[in-house]
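Everything on this sheet refers to the single structure shown next.
The values are calculated or read from the model by the stated rules, or taken from the named source; none is laboratory data. Since the structure is predicted, the reported quantities are computational estimates derived from the model, not experimental observations. Using ideal geometry, Cβ is built from the backbone for each residue, glycine included, and neighbour counts are taken over all protein chains shown.
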Amino acid sequence: MGDVLRRLDAMYPGATCALHHRNPWELLVATILSAQCTDKRVNEVTPGLFAKYPTPADFAAVHPEVLAQDIRSTGFFNNKAKSIVGAAKKIRGEFGGQVPRSMEEMLTIPGAARKTANVVLGTAYGIASGIVVDTHVARIAARLDLTRHTDPVKIEQDLVKIIPREKWILFSHQVILHGRALCSARKPLCGECQLDDICYSKDKTEERRQK
């Protein structure tokens, strides 16, 4: 595992969250919006959204049906709007308007399952509560034979056993970037990957990026 971590450090030394945000609340909203949606699209929507609704109190006051139209382009907008309004009401009513700093409390917030909670706690607060397992992390962990599971919770349980806690936050950012840059689902660019010689995935290719 140490070899994998060293190579990821060499490939993505400054990896960080791709979702634009100015505080923990904005990151929570952006993460909820990112479900089944690209970070690029979310980053196009959030500047106007946060200008219209600057605080959790503003989100708590809006009707989900109205908010849904503001976030329509992110997909699944009705469910996301309900989650965001519910999250805002919960945070305003029970946490004094501040996004909480523990996994247990985060999991009580509408729209915040473990992945979302790990994103916010890790990126906004620097708290290594676990490892973010999105589609990129799940795919690459399987390709590197770090897990045999497909359930995100079980994948996370496997990863936290073999990755040092001080690497949990950075590892997720690095692997997500790697999934976007080289290790894609359909045509991974194995010919450019520094993990190529220690990866034994059945769907490896000799693809290289077109110049």
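What to note about this one:
- Between ASP39, ASP58, the distinction of being within 21 Å of ASP134 (Cα to Cα) and outside the structural domain of LEU182 (by TED's automatic domain parsing) belongs to ASP39 only.
- The one condition in (1) among the aliphatic types (A, V, I, L, M); (2) in contact with a Ser or Thr (Cβ under 6 Å, 6 or more places away or on another chain); (3) in a loop (DSSP other than H, G, I, E, B) that ILE127 fails to fulfil: (2)
- In the range 44-67, the residues that are touching a residue at least 40 places away in the same chain (Cβ under 8 Å) reach residues that are surrounded by 12 or more Cβ atoms within 10 Å (Cβ to Cβ) with C-beta atoms within less than 7 angstrom, at least six apart or across chains, in these pairs: PRO56/TRP25; PRO56/ALA88; PRO56/ILE91; PRO56/ARG92; PRO56/GLY97; ALA57/ARG92; ALA57/GLY97.
- All positions within the range 87-114 that are in contact (Cβ under 8 Å) with a residue 60 or more places away in the chain and under 15 Å from the mean Cα position of the chain (by Cα): GLY111, ALA112
- Top-ranked residue of the range 51-110 - restricted to ones that are surrounded by 15 or more Cβ atoms within 10 Å (Cβ to Cβ) and charged (D, E, K, R), ranked as farthest from TYR125 (Cα to Cα): ASP70
- Only one of ARG186, ARG148, ARG143 that is of a type in the set (Lys, Arg) and touching a residue at least 60 places away in the same chain (Cβ under 8 Å): ARG143
To keep it simple, each residue is scored yes or no on (1) among the hydroxyl-bearing types (Ser, Thr, Tyr); (2) in contact with a Lys or Arg (Cβ under 8 Å, 6 or more places away or on another chain).
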{"site": "ARG41", "(1), (2)": "no, no"}
{"site": "LEU49", "(1), (2)": "no, no"}
{"site": "ALA60", "(1), (2)": "no, yes"}
{"site": "PRO64", "(1), (2)": "no, yes"}
{"site": "ASP70", "(1), (2)": "no, yes"}
{"site": "SER73", "(1), (2)": "yes, yes"}
{"site": "VAL85", "(1), (2)": "no, no"}
{"site": "ALA88", "(1), (2)": "no, no"}
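- Comparison of LYS154, LYS115, LYS161 shows that the only residue that is in a helix (DSSP H, G or I), in the same structural domain as LYS90 (by TED's automatic domain parsing) and either touching a Gly at 6+ places or on another chain (Cβ under 6 Å) or basic (Lys, Arg) (or both) is LYS115.
- Top-ranked residue in the range 1-43 [being within 11 Å of the chain's Cα centre (by Cα) and in a helix (DSSP H, G or I); ranked as surrounded by the fewest Cβ atoms within 10 Å (Cβ to Cβ)]: ASP39
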